[in-house]
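The values are calculated or read from the model by the stated rules, or taken from the named source; none is laboratory data. All of these numbers come straight from a predicted model, not from anything done at the bench. Here Cβ is always computed from backbone atoms with ideal geometry, including for glycine, and neighbour counts include all displayed protein chains. To get the accessible areas, we keep the full protein, side chains included, count just its heavy atoms, and leave off ligands, DNA and RNA. Shrake-Rupley method; radii C 1.70, N 1.55, O 1.52, S 1.80 Å.
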Amino acid sequence: MLRHSISLFALALLPATATAQKDFVANYDEDKIAPFQLPDPLQTESGDQVTDAEMWTSVRRPELVKLFQSHVYGRGPAACKITHKQVSTTEDALGGKALRREVDVFFGNPGESPSMRLLIYTPKSASSKSAAFLGLNFQGNHTVDPDPTISLNTSWVRSRQGTTDENRSTESARGVASSRWPVEMIIDRGYALVTIYYGDIDPDFDDGFENGIHGHFKSETESIPQGERWGSIAAWAYGLSRALDYLQQDDSVDGSRVAVFGHSRLGKTSLWAGASDPRFKLVISNNSGCGGAALSRRAVGETVGRINTSFPHWFSDNFVQYNENENACPVDQHQLIALMAPRAVYVASATEDRWADPKGEFLACVHADPVFRLLGTDGMGGAEPPAKMPEADAAIKSGTIGYHLRTGKHDVTAYDWSQYLDFADRNLK
Ligand code: GCU
């Protein structure tokens, strides 16, 4: 976990942000948004207009990835060698519909490096390798399905009433997150599902570089300038890329057709994973909000200052410069969405999830659209991007950028998954 050792610059800001945290009042009034100008995804840092796919790929895209590394998420080590070990195989999961396996993937050699456990479901009806959804989960693999034979995760978990004991998961946690993981529906539609507990990669608290992969890659991390070192979101995204390294060697999953999915902080993570690793064919952000799909400059709901204060270990130290100062940031989140182009990306919001600024998430898609069109895709579909937000539960899913606003709260539901599956049928099959 990343220790944010405090730079002089951040120190000067600390008292102000601590106060900001205490007195923070979220703005939800469109009329109170301060005027802003979004940085143009299609203008290079030297001021040239990007006119074709070649220029995007060779100049602007790498420039933007670097800007997000330096100013937002931070930069981690190069890809490490991975090794893996089969842990279990169940031939007749989900009433015989699926093969279920557990595979430990090590960030180096077994015995010398941390590992993450992949829970993998593949449809038994498949005649060749299956396209897959890969997503991190919040509470352990044993929470996605009540099946008592899934191994109980023994790593640190955030304490939750009824399902944990001294930050360890208990038997009563089995299946508690199953409404967010409709495994059978995914298998019935012909896809594989791969999930990993995010705390296997890096526990979600600030412990000063000791555990998880931050601790494992200590010397690599220390060779990166302080302000640009990877935060937890970048660490989780790194784990997703190493999981993809493994899936590219798997016998039942087609590693060239993997969708990366995540909810909330893990939606911020799936977006950064998809932006930094172009091998992901489809990228899905479920209610990711601030630091995810929502435009930071709108500062509606959660703001950059608020997120850096509540969760100081998620982003790079440099991101703190943009607390209450979003306009000074050289990038905004529509450019993150643009980094998926010409691959497919889906952004989902929920009507009651105002903290995540649904309109800001929608507008990020709209402002990413020109990049997708320049690269020869149809962006959000139609001749041009929609002029206003769609009605609730009217998904936009015919183009390369999908979007919906679901009725309800901050969550992942069967409605969300059914849109992702439709979208995957067009973009992943
Ligand atoms: C908090 C945080 C959000 C985050 C969410 C989550 O609400 O402010 O930025 O998305 O937690 O991950 O559950």
Measuring from its Cα centre, the chain shows a charge dipole (+1 at each Lys and Arg Cβ, -1 at each Asp and Glu Cβ) which, in debye to the nearest 20, is 460 debye
Taking only Cα atoms and a 10 Å spring cutoff, compute GNM fluctuations for the chain and point out the largest among W272, W314, W181. W181
Of every hundred units of 1.4 Å-probe accessible area on segment 260-360, the number belonging to carbon and sulfur atoms, as a percent, is 49 percent
Among bridges DSSP assigns within the chain, what percent are antiparallel (round to 5)? 45 percent
Order by accessible surface, 1.4 Å probe, largest leading, for residues E166, E220 comes to E166, E220
Full extension between D104 and S151 adds, at 0.36 nm per residue less the Cα distance, a length in nm of 15.8 nm
Take every Cα pair under 8 Å in the chain that's 6+ residues apart, average their separations, divide by the length, and report that relative contact order as a whole percent. 18 percent
Cα Rg, Dmax, the chain, angstrom units: 20.6, 61
Once a ≥ b ≥ c are taken as the square roots of the eigenvalues of the Cα gyration tensor of segment 353-429, is the result rounded (a/c under 1.5), prolate (a/b larger than b/c) or oblate (a/b not larger than b/c)? oblate
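Sort T149, T303, T351 by heavy-atom solvent-accessible area, probe 1.4 angstrom, most to least.
Ranked list, largest accessible area first: T149, T351, T303.
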If you roll a 1.4 Å probe over segment 155-254 with all protein chains in place, what percent of the accessible area is carbon or sulfur? 41 percent
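Pairs to check: K85/K129; K359/K409; K81/K124; K85/K281; K397/K429. Give those whose C-alpha atoms are more than 22 Å from each other in this structure.
Table pairs above 22 Å Cα-Cα are K81/K124; K85/K281.
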Take S223 and K32, extend 7 Å from each Cα along the Cα→Cβ direction, and tell me the distance between the two endpoints in nm. 4.8 nm
Put +1 on the Cβ of every Lys and Arg and -1 on every Asp and Glu Cβ in segment 335-426; which of L339, L421, G402 then has its Cα farthest towards the positive end of the dipole? L339
If you roll a 1.4 Å probe over the heavy atoms of the protein chains, what accessible area per residue do you get for the chain, in Å²? 38 Å²
Please give, to one decimal in nm, the separation of the simple spin-label points placed at A53 and M185, each 7 Å out from Cα toward the Cβ. 3.4 nm
Given a 1.4 angstrom probe, I'd like the percentage of the accessible area of segment 27-150 that is carbon and sulfur, rounded to a whole number. 50 percent
Specify the inter-centroid distance of segment 364-417 and segment 325-352, based on alpha-carbon positions, in whole Å. 12 Å
Per-residue accessible area, 1.4 Å probe, largest first, puts D200, D23 in the order D23, D200
Given the rule -39500 (n - 2.57) for each run of at least 4 DSSP H residues, summed and divided by the residues of the chain, what is its mean residue ellipticity at 222 nm, to the nearest 500 deg cm²/dmol? -8000 deg cm²/dmol
